[in-house]
Amino acid sequence: MRTQNVHSQQSVHRHGLYRIPAAARMADEQPAAGLQNPMPQRVRGELRLNEPMSRHVSWRAGGLADRAYLPADLNDLRAFLRSCEPHEPVYFVGLGSNLLVRDGGLRGTVVFTHWALRDVAVESHVEESGKVRVQAGVASPKVARFAAVHDLVGAEFLAGIPGTIGGALAMNAGCYGGETWDIVDSVTTVDRRGELHERTPAHYRVAYRSVARVAQTGGAHPSSGLCDAAAGDEWFVSAVLKLPRGDGAASRSTVKALLAQRIASQPLGEPNAGSVFRNPPGTYAAKLIEACGLKGRSVGGAVISPKHANFIVNTGSARAADIEALIELIQETVKDKFEVHLEREVRIVGEAAWSES
Ligand SMILES: Cc1cc2nc3c(=O)[nH]c(=O)nc-3n(C[C@H](O)[C@H](O)[C@H](O)COP(=O)(O)OP(=O)(O)OC[C@H]3O[C@@H](n4cnc5c(N)ncnc54)[C@H](O)[C@@H]3O)c2cc1C
């Protein structure tokens with residue numbers, strides 16, 4: 001049923017692209033016949049229907065998003081969020097480097113931050129430290145380079161994390177001893193009404209690859225006390241990073257060395273999403289997977305990398321279902337052999353294709 005539905009929508013919007021020319025954004029604009037989700041009025045970005053998410057995730061696999069919004073700028077994003085129906089699922093996506101969208105696709109609207117939220121600037125420079133304001137869509141490696149050029153240190157670890165700052169905030173991304181929230185001074189979020197909120201790290205419970213906002217009294221999630229910062233009620237639009245002043249040249253050498261280490265140890269030539277599993281306490285997921293003899297195992301076009309056992313690569317024809325099946329196979333095998341449950345680091349969203357359900 002769903003597949004038919006997608007195809008019939010595609011025939012209305014043959015290119016999956018619904019670009020609104022400026023002149024057409026009039027109050028009396030009528031949506032094209034058959035459009036269930038017309039472009040909201042008074043927004044300036046680009047709305048795409050049936051957008052292939054395989055183009056937007058580093059695994060290069062997966063289904064279509066019903067709608068994808070590419071905002072023109074922050075104010076436009078706020079206007080767009082205000083225009084969304086209250087029941088419409090909205091999902092923010094950075095560079096999709098930690099994400100798998102199932103083959104049946106994603107119901108609701110995906111917002112791509114890297115399209116517009118791309119500013120990075122030194123906000124203040126005092127004796128011992130500097131503050132860098134960075135919008136959520138800026139690539140993390142760019143921030144590492146920007147900081148080093150301005151003689152600010154401590155952001156080098158971001159150089160090897162191929163996502164956006166928004167994704168790094170949502171995941172508390174980190175490596176080589178550094179974690180995103182170690183360097184956060186404050187963040188700005190946007191909610192579904194398009195309102196902005198200034199927040200500090202004290203508003204969040206931050207742990208290894210996990211970030212949850214502590215709900216305020218009378219807030220949206222008073223019973224649980226916590227809600228997932230990435231899951232729905234607020235999204236990151238920018239952050240102020242506080243970085244000590246230091247030796248920019250040394251920082252640039254550290255970045256080079258970290259990248260060389262990655263090239264040597266990770267299968268960067270094939271589509272992947274980095275480490276699939278979090279490291280369990282006291283050990284490494286890769287070590288357990290390798291000890292189970294799983295390196296090189298495949299399902300369809302998805303293969304456990306012979307170079308790094310915690311990476312699954314797409315050899316070209318993998319479906320999201322192949323990748324997910326391989327993830328489950330790893331979890332079952334490691335559980336049987338070591339009694340350890342490997343928790344996923346990558347996020348899986350969307351629906352299975354009709355043929356699998
Ligand atoms: C080769 C490779 C190496 C990697 N190495 C590392 C590593 O060393 N350390 C590490 O931690 N990770 C690593 N990763 C994983 C990934 O790069 C990070 O998790 C990254 O921070 C994700 O950013 P993204 O923009 O791609 O997020 P996406 O994959 O687009 O999204 C990830 C999650 O964040 C949410 N999100 C994205 N933007 C926002 C926002 N603005 N507001 C709220 N939620 C948002 C999404 O909804 C989703 O749930 C690696 C990945 C690859 C492919």
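Estimate the FRET efficiency between A291 and T315 by the formula 1/(1 + (r/R0)^6), using the beta-carbon distance for r and 35 Å for R0, to the nearest 0.05.
0.90
For the stretch 279-356, what ratio Rg/Rh do Cα atoms give with a Kirkwood hydrodynamic radius?
Rounded to two decimals, Rg/Rh equals 0.97.
For the stretch 173-182, just list the computed ³J(HN,Hα) in residue order, Karplus coefficients 6.51, -1.76 and 1.60, θ = phi - 60°, integers in Hz, with x standing in for Gly and Pro.
4, x, 5, 6, x, x, 10, 3, 6, 4
If you count, for each residue, the other Cβ atoms within 10 Å and average over each peptide, how do 197-208, 160-171 line up from highest to lowest?
In descending order of packing, they fall as 160-171, 197-208.
Using all Cα-Cα distances in the stretch 82-203, what percent lands in each 10 angstrom bin from 0 up to the longest?
12, 41, 33, 12, 2, 0
Can you list, largest first and rounded to whole Å, the semi-axes you get for the stretch 37-142 by taking the square root of 5 times each eigenvalue of its Cα gyration tensor?
So the equivalent ellipsoid measures 28, 19, 10 Å along its semi-axes.
Give me, ordered by chain and number, the residues 5 or more places off G62 or on other chains with an amide H under 5 Å from its own placed amide H.
Distant-sequence amide H within range of G62: A320.
If packing is taken as the mean number of other Cβ atoms within 10 Å per residue, what is the order of 153-159, 50-56, highest first?
Put in order of decreasing packing, that is 153-159, 50-56.
Sort 104-112, 70-78 by the packing proxy (mean of other Cβ within 10 Å over each peptide's residues), most packed first.
104-112, 70-78
Stokes-Einstein at 37 °C, 0.692 mPa s, Kirkwood radius from Cα pairs: D for the stretch 81-129 in µm² s⁻¹?
233 µm²/s
Residue separation times 0.36 nm, minus the C-alpha to C-alpha distance between V122 and D182: what's the value?
Between V122 and D182, full extension yields an extra 19.8 nm.
Over the C-alpha atoms of the stretch 45-105, what are the Rg and the largest Cα-to-Cα span, Dmax, in Å?
Reported Rg and Dmax, both Å: 12.1, 33.
Read the figures in this text as sums done on the coordinates, not as results from a lab. What you are looking at is a predicted structure, and each value in this text was computed from that prediction instead of being measured. Quick reminder, even Gly has a Cβ in these numbers, built from the backbone with ideal geometry, and neighbours come from all protein chains shown.
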